Amino acid sequence: MSLSNRRIGIRYGLAFVSVALVALLRWALQPALADAALILFVLPIVLSGWYGGIGPALLATVLATAAGAFLFMPAGRSSSQLGYNDFARVLVFFIVGVALSIFNDVLHGTHRQLALRNAEAQRQKKAAQRSKERLARVIDSAMDAIISVDGQRRIVVFNRAAEKLFGFSSTDALGKPIDQFIIDDFGLAGSAEGDVTASGTLRISRPTRAKTRRGDVIPVEAAVSQSADGENPLWTLIVRDVSERERVQRELEEANHAKDQFLAVLSHELRTPLTPVLASVAAMQEDPTIPAEARASLRIVRRNVELEARLIDDLLDLTRVSRGKLQMVSEVVAVHDLIRSAVETACQEEAQAKRLSIVLELDAEHDEVWGDPVRLQQVIWNLLRNAVKFTSPGGRIEVRSRNVDSLLVVDFIDNGMGIDQQALPRIFNAFEQTEEAVKKRFGGLGLGLAISKGLVEAQGGRLTAHSDGLGKGSRFTLEMILAEAGVGAKRQKASARRESAPAPLNILLVEDHEDTARIMSKLLRSFEHRVTWVANFATAVEAVEADHFDLLISDLGLPDGNGRDLMRQAKKKNSILGIALSGYGMESDVRASMEAGFAEHLTKPVNIVQLQEAIRRVTGN
Ligand code: ADP
C-alpha cells in the first residue's frame, strides 16, 4: 500500500471509528441524554473534517445520521415508529452535518493557504537575508573602500577596506558624518540633485582627499553613485587610495626631468670644446696664406665638427619635441628665401660631389607663412640633406612650391633610393631608419624626421612622406599656413637691411674659455667692431662701470659669477644690449636669459654666422 493510500485509509477509517465510538458513548449515556439523540454525533463530523477533509467529514455525516436515526431515537420507538418530527430532526442533522463538513473544508483551505503564504514569506525573508549577508561579504571583501551615506550625510555602510584606509572600525564610523573622512565636498545629498538621472543614479568620479585617523591626508579617487533606500536617498562612495600611483608618477616625472637635465649637461660638455675648434677653422679658412691642400682638410674638419654639433642638437631637440616644450617664435617667414639659402649653404658641396642636379620650381605666388624662421630652416635643411644623402650620384632633386587654399605646399622630390612601403609609416618615429644597411652606409641617428615633423606640427603645419617603393624615389611634402598678405611689408624691410653691412659696435665680450674668446674677438674685429675681452665677472663689472658699451656678449657660467647677474647689473648702469652664450640650451635656460635682460640666447658651439645674425637682430642693424 502506498503512503497516500494509507493516509486515505486512515482518514476514512477515522470517520468510521469516531462515529462508532460516539455511538458507543451515546449508548452508554442513553438514559441521561434521552432526547438529545443526535447532538453527540456532531463530534465525529467535526473531527473527521478537521483531520481528513471534506470526504471523511461527509462519510461521518452519513454514518452519524444513520446511527443517530436508527439506533438512538427516543427510547421505546422503533424505526417503524419514526414520526414526521423525528424525520425532520434527522434531516436537519444531516444538513447541518453537510454544512459543517463544507464549512470545515473551507476553513481548512483558507488556513492552508494562509500557512502556505506564510511559509513563502518566510522563505523570501530568508533569501533576502542570505542575499544581504552575501552582499555584505562582497562589500567587505572589496579592495576599494565602500562607504554609503544617508540624506543627512551620515555613514550607514563602512566596509573593511574603508576601515583599513581610514583607520577607523566600522562601529566607530557608522553614524558619523562623511565630512570627517572625505575633505573635499562631493556635492552629496541635495546640492547635486539636478544631475540625478531618470534611473535615479548619479555617477561622478573625481580626485579628492581623505583624512585618516592618524591625521594624514591622502589623495584618493572617489566614484559616487546615488540610489534610494526606500524613500531616502543613499549615496555610495567607492574610494581608492591613489597615493602609490601618484608617487610613481612623481618619480617618473623626476626621472624624466633628471634625464633632460643629464642631456642638457651632456650636450653642454660636448659642445663647449667644439666652439674654439669651429672658430679656429673658420678663421684659418679666411687666412689667404694657407695652402690649398690644407684648405680641403679644413673643410672636412669643419663639416664634421658641425655635424657633431648637429647630432648633439638633435638629441636635445628630440627631448623638447617629445615633451612639447619647444620654444618657438611665430612670425612671417618667406619660405622661398629659406629654400634658396638652404640649397646654397646646406648641401651644395655634397650635391656637387655627387653630381646631383637640384632644380627649384618655386611657383607658389604666396610664400609667406606663419612660423619660426630658424626652426623652419632646420626642417628644410633636414629634408634637403636627406634627399642628397639618399640619392645616388647623378641623380635629381626637385623642390616645388604651390599654393593650395590658405596653404603653402612644398614638395621635396628625389629619384633616389626610395622608401619601402612597409617602412613608410615608421620613418617619422625617433631613431627609425629604414634598414640596417642604411644605418651602416649613411650613419645618422634617425632623429631628423622625427624632430622635423614635431617642429612643423608645432607651427601648425604638416609633414608627410610618399614613395612608390624601394628604388623609386621619395617625395616629402611640407604644408604651412599662409600669413595674411598685408604682413609681408615688415619682412621685406628686415631682409633689405640684411644686405647692408652692420654698423660698428663697442662690444664687451665676457668669456672664460680662452680659445673661444680669442677667436671670437678676432672674428668680431674683422667686422669692424671694437671688442673688449674680459674673462671673469669682477673685471666685467669694472669694465661696465668704466666704459660705455653698446653690446654685452657674455658666457653665462663664469668662474666667479653668473652672466645673468652681470647683465642685470650692466642694464642698471645704461641701456646696454645683451647676447648670452651658453652650453645649456634648454627652454628654461633660454627663458632665464630673457628674464635677465638678454635679447638673445645662443647655444654653443656658436658659429660666426649665427653670432652675426644675432647681433643684427639685437641691434636692428
Ligand atoms: P637619418 O637621416 O639620421 O637617418 P631621418 O629621421 O632624417 O634620420 O630619416 C629617417 C630615415 O628615413 C632614414 O634613415 C631613411 O631610411 C629614410 N629617409 C629619409 N629621407 C629619405 C629620402 N629622401 N629617401 C629615402 N629614404 C629617406
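The values are calculated or read from the model by the stated rules, or taken from the named source; none is laboratory data. Everything quoted here is computed from the prediction, not taken from an experiment. Counting neighbours? That spans all protein chains shown, and the Cβs are built from the backbone with ideal geometry, glycine included. The protein model used for the area step is the full one, side chains on, heavy atoms only, and it has no ligands, DNA or RNA in it. Shrake-Rupley method; radii C 1.70, N 1.55, O 1.52, S 1.80 Å.
Can you tell me the accessible area per residue over region 223-339, all protein chains present, probe 1.4 angstrom, in square angstrom?
Averaged over the residues of region 223-339, the accessible area is 57 Å².
Return the carbon/sulfur percentage of the accessible area of region 105-151, one whole number, probe 1.4 Å, all protein chains in place.
Values: 2160 of 3730 Å².
It is 58 percent, rounded to a whole number.
How many angstrom lie between the C-alpha centres of region 513-550 and region 82-107?
For region 513-550 versus region 82-107, the Cα centre distance is 139 Å.
Kindly rank 468-478, 372-382 from highest to lowest mean number of other beta carbons found within 10 Å of each residue. Display every interim value, and only then the final one.
Details: 468-478: 17.2, 372-382: 21.1.
The densest-packed peptide leads the list: 372-382, 468-478.
What is the percent carbon and sulfur in the accessible area of region 212-318, measuring with a 1.4 Å probe over the protein chains and ignoring ligands?
Of the solvent-accessible surface of region 212-318, carbon and sulfur hold 56 percent.
Could you calculate the FRET efficiency of residue 503 with residue 250 from 1/(1 + (r/R0)^6), where r is the beta carbon distance between them and R0 is 41 Å, rounded to 0.05?
0.20
Using a simple spin-label model with points 7 Å from Cα along the Cα→Cβ vector, what separation in nm is obtained for residue 308 and residue 331?
3.2 nm
Just report the Cα centroid separation between region 226-269 and region 358-434, whole Å.
Cα centroid of region 226-269 versus Cα centroid of region 358-434: 41 Å apart.
Heavy-atom accessible area per residue, region 502-617, 1.4 Å probe: how many Å²?
43 Å²
What distance in nm separates the simple spin-label points at residue 545 and residue 265, each placed 7 Å from Cα in the Cβ direction?
3.5 nm
Working out 0.36 nm times the residue gap between residue 179 and residue 575, then minus their Cα-Cα distance, what length gain in nm do you get to one decimal?
That pair, residue 179 and residue 575, stretches by 136.6 nm at full extension.
Just the number please: accessible area per residue for region 94-154, 1.4 Å probe, all protein chains included, in Å². Write out the running numbers ahead of the final one.
Values: 4640 Å² over 61 residues.
For region 94-154, the per-residue accessible area is 76 Å².
Under a crude label model (7 Å from the Cα following the beta-carbon direction), how far is residue 114 from residue 171 in nanometres?
Computed distance between label sites residue 114 and residue 171 equals 4.2 nm.
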